[in-house]
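Written below as structure tokens is the structure these notes are about.
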Amino acid sequence: CKIVKGVNFTASFSVLISQHFSASRDIAMEYVEPVLGIANCLGTPACKYLQYHRKLNDYVRNFKRMRDELNCKMEDIELQLKAELLRPLGKIPKKGVENWLKAVKEMIREAQVVENKVSNGRYLCRACNGKLVDEKTREMKKFLDNAPNASEGLAMDGPSAGLPLPTSELVGEEAVRNEIWACLMQEEVSKIGVWGMGGVGKTTIMKHIHNDLLKEQRFERVIWVTISKEFNVMK
């Protein structure tokens, strides 16, 4: 280490190198993501790579068209399923239909992520974005091809008596519940009215009775129907 007039040239040179390296690193980081993206495409044949690069806009249009078709198909399936669940009562969705709807919603969410990534992509990522869009389009096409066949029905018969309702624990309403239950067990009683102020627990009590009737299996079918003040068939 040579020192002239109190100046440490080694230390000064180290600081200069450090500053230069820091600036170079900041510049290089701007190109890291595009370079990594290109590296992911190295396994793609050159002709296909060039096609992804040159026809990115075509791939994006096809991607959006397939996404819209899949979204429309999902909405159609959901609407028909709701209609089937309304008539006759006691129907439940087929497991395959439920699984397909759940998977499609996740696929559409992933497609939105891809679209956002492509719209914010750099020029150097065109080929990689084209490949990403093409692969996601193919995945959506498979979902569309495997959509439930509406003509075969989307719902099936549930348990013969009915389905239990989700409810909360009864607190302080056991006496009222027992009174209503006793009336239901009497052959001469054909109709029971439960009234009271809003929020006192009428619906909760009746849900418990509904579920208890299912457990007792005293009736061939137990049906729960909600009718609002302004009657709405869908509700």
Note, the stretch 103-112: 3J(HN,Hα) by Karplus (6.51, -1.76, 1.60, θ = phi - 60°), whole Hz, Gly/Pro = x, goes 5, 5, 4, 5, 5, 5, 5, 5, 5, 5
Name the residues whose placed amide hydrogens come within less than 5 Å of the amide hydrogen of residue 91, ignoring near sequence neighbours (fewer than 5 apart) on the same chain. 158
At a Cα cut-off below 18 Å, give the lysines reachable from residue 55, other chains included and same-chain residues fewer than 8 away excluded. 64, 117, 131, 136
Whole-Hz Karplus ³J(HN,Hα) for the stretch 94-102, in order, using 6.51 cos²θ - 1.76 cosθ + 1.60 and θ = phi - 60°, x for Gly and Pro? 5, 4, x, 5, 4, 5, 5, 4, 5
Treating only the Cβ of Lys, Arg, Asp and Glu as charged (+1, +1, -1, -1), what charge dipole size does the stretch 159-228 show about its Cα centre? Round to the nearest 20 debye. 240
Separation of the residue 105 and residue 226 label points, Cα + 7 Å toward Cβ, nm: 1.7
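Using the Cα atoms as the points, what is the convex hull volume per residue of the stretch 159-228 in Å³? Could the numbers behind the result be given before it?
Numbers: hull volume 7.7 nm³, N = 70.
Measuring per residue, one finds 110 Å³ for the Cα hull of the stretch 159-228.
Longer than 30 Å from Cα to Cα, which of 95/207; 105/202; 102/202; 91/207 are they? Say none if no pair is.
Details: 95/207 25 Å; 105/202 36 Å; 102/202 34 Å; 91/207 19 Å.
Over 30 Å apart, Cα to Cα: 105/202; 102/202.
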Would you mind computing, in nm to one decimal, how far apart the modelled labels at residue 170 and residue 54 are, each placed 7 Å from Cα along Cα→Cβ? 7.6
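Please arrange 114, 225 by accessible surface area, largest first, computed with a 1.4 Å probe and ligands excluded. Don't jump to the answer; show the numbers that get you there.
Values: 114 15, 225 95 Å².
Largest accessible area first, the residues go 225, 114.
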On full extension of the chain, what length is gained from residue 139 through residue 218, given 0.36 nm per residue of separation minus the C-alpha to C-alpha distance? 23.5 nm
For residue 205, what accessible area in Å² do you get when you roll a 1.4 Å probe over the heavy atoms of the protein chains, rounding to the nearest 10? 10
Residue 115 versus residue 163, label points 7 Å from Cα toward the beta carbon: distance in nm? 3.1
Amide H within-cut-off set for residue 155, under 5 Å, with H built and near neighbours excluded: 94
Ordered by residue, what ³J(HN,Hα) values in Hz, to whole numbers, does the stretch 70-82 give under the Karplus form 6.51 cos²θ - 1.76 cosθ + 1.60, where θ = phi - 60° and Gly and Pro are x? 5, 5, 5, 4, 4, 5, 5, 5, 4, 5, 5, 4, 4
Among the trypsin sites (Lys or Arg not before Pro) within the stretch 102-190, which fall in a DSSP loop and have no more than 14 other Cβ atoms within 10 Å of their own Cβ? 122
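The values are calculated or read from the model by the stated rules, or taken from the named source; none is laboratory data. Since we're looking at a predicted model, the values are computed, not measured. Please note: Cβ atoms are built from the backbone with ideal geometry, for glycine as well, and neighbour counts cover all protein chains shown. Accessible surface is based on the protein model in full, side chains and every heavy atom, while ligands, DNA and RNA are left aside. Shrake-Rupley method; radii C 1.70, N 1.55, O 1.52, S 1.80 Å.
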